[in-house]
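Participant: Before I ask anything, here is the structure I am working with.
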Amino acid sequence: FTATTDAPTICNLTQHTYFNLADAGASNILDHELQIFADKFTPVTADLIPTGELRPLRGSPLDFSTPTKIGVRINADDEQLKNCRGYDHNYVLGVPGKLKLAARAFDAVSGRVLETETTAPGVQFYAGNFLDGSITGKAGHVFKFRHGFCLEPQHFPDSPNQPNFPSVVLRPGETYQNTIVYRFSVR
């Protein structure tokens, strides 16, 4: 994504594609193995608004620093998971601008692998917690509750209201850039 402006503009472009590496959405994504290359996340309130905190992931049910099945801890007794009905959190990747591996997902049954690279400082991991059967995917498969997941490389949500988050204000003379690479393979 590339953008320019002639006046100060809030700009935070991303991609919201649903993935299901098993079977195009006919089953849930809870057995998918996920690894996210981050050590912090931005917690949210009960209204799903980021608090402004950058919280360490280690030891929490949101920690995907090693390959972990999405469903293993998704229903854990954790305030963050309860707020979002599962995973719908921004993971802190580091300084924007350099292309880096953000996440890797794997389905053992199909052998499909998805790697997500980005130049953005964060990636939102959404586990389909609000899918309700109203979206139809490839081959007519209906996306039901947790039948798809998203990896959305972007700046942190609510950045304009959080002074310690990286700025999303694009000014005249500047160029906004966010590269997202979704790479598929089989194992």
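Participant: So which residues in the stretch 28-40 are in a loop (DSSP other than H, G, I, E, B), within 20 Å of ARG187 (Cβ to Cβ) and open to solvent by less than 40 Å² (accessible area, probe 1.4 Å)?
Facilitator: If the condition is that a residue be in a loop (DSSP other than H, G, I, E, B), within 20 Å of ARG187 (Cβ to Cβ) and open to solvent by less than 40 Å² (accessible area, probe 1.4 Å), then ILE29, HIS32 are the ones that fit.
Participant: Among PHE143, PHE106, PHE156, which is more than 16 Å from the chain's Cα centre (by Cα), buried (at least 17 other Cβ atoms within 10 Å of the Cβ) and touching a residue at least 24 places away in the same chain (Cβ under 8 Å)?
Facilitator: The unique qualifying residue is PHE143.
Participant: Next up: Pairs needed: first member in the stretch 53-81, in contact (Cβ under 8 Å) with a residue 60 or more places away in the chain; second member anywhere, part of a loop (DSSP other than H, G, I, E, B) and exposed (fewer than 14 other Cβ atoms within 10 Å of the Cβ); C-beta distance under 8 Å; at least 6 residues apart or different chains.
Facilitator: What qualifies is LEU54/ASN164.
Participant: Quick one: in the stretch 113-131, of everything that is β-branched (Val, Ile, Thr) and surrounded by fewer than 22 Cβ atoms within 10 Å (Cβ to Cβ), which residue is nearest to the chain's Cα centre (by Cα)?
Facilitator: THR119
Participant: Right, something else. Only one of these is surrounded by fewer than 17 Cβ atoms within 10 Å (Cβ to Cβ), of a type outside the set (S, T, N, Q), touching a strand residue (DSSP E or B) at 6+ places or on another chain (Cβ under 8 Å) and over 14 Å from GLY86 (Cβ atoms): PRO50, PRO43, PRO56. Name it.
Facilitator: Every option except PRO56 fails the conditions.
Participant: Another question about this same structure. What pairs come out if I take residues in the stretch 30-52 that are at positive phi and pair them with residues that are part of a strand (DSSP E or B) and at pLDDT 95 or above whose C-beta lies under 6 Å away, six or more apart or interchain?
Facilitator: From residues that are at positive phi, there are no pairs.
Participant: Are any residues in the stretch 6-20 modelled with pLDDT of 95 or more, farther than 19 Å from ALA120 by Cα and in contact with a strand residue (DSSP E or B) (Cβ under 6 Å, 6 or more places away or on another chain), and if so, which ones?
Facilitator: Listed by number, the list holds a single entry, PRO8.
Participant: Within the stretch 44-58, is there a residue that is assigned to a loop (DSSP other than H, G, I, E, B), of a type outside the set (Val, Ile, Thr) and more than 23 Å from ASN164 (Cα to Cα)?
Facilitator: The answer is no, given that none of the residues of the stretch 44-58 is assigned to a loop (DSSP other than H, G, I, E, B), of a type outside the set (Val, Ile, Thr) and more than 23 Å from ASN164 (Cα to Cα).
The values are calculated or read from the model by the stated rules, or taken from the named source; none is laboratory data. Every value quoted in this text rests on a predicted model; they were computed, and no experiment measured them. Note that each Cβ is placed from the backbone with ideal geometry, even for glycine, and that neighbours are counted across all protein chains shown. Accessible surface is based on the protein model in full, side chains and every heavy atom, while ligands, DNA and RNA are left aside. Shrake-Rupley method; radii C 1.70, N 1.55, O 1.52, S 1.80 Å.
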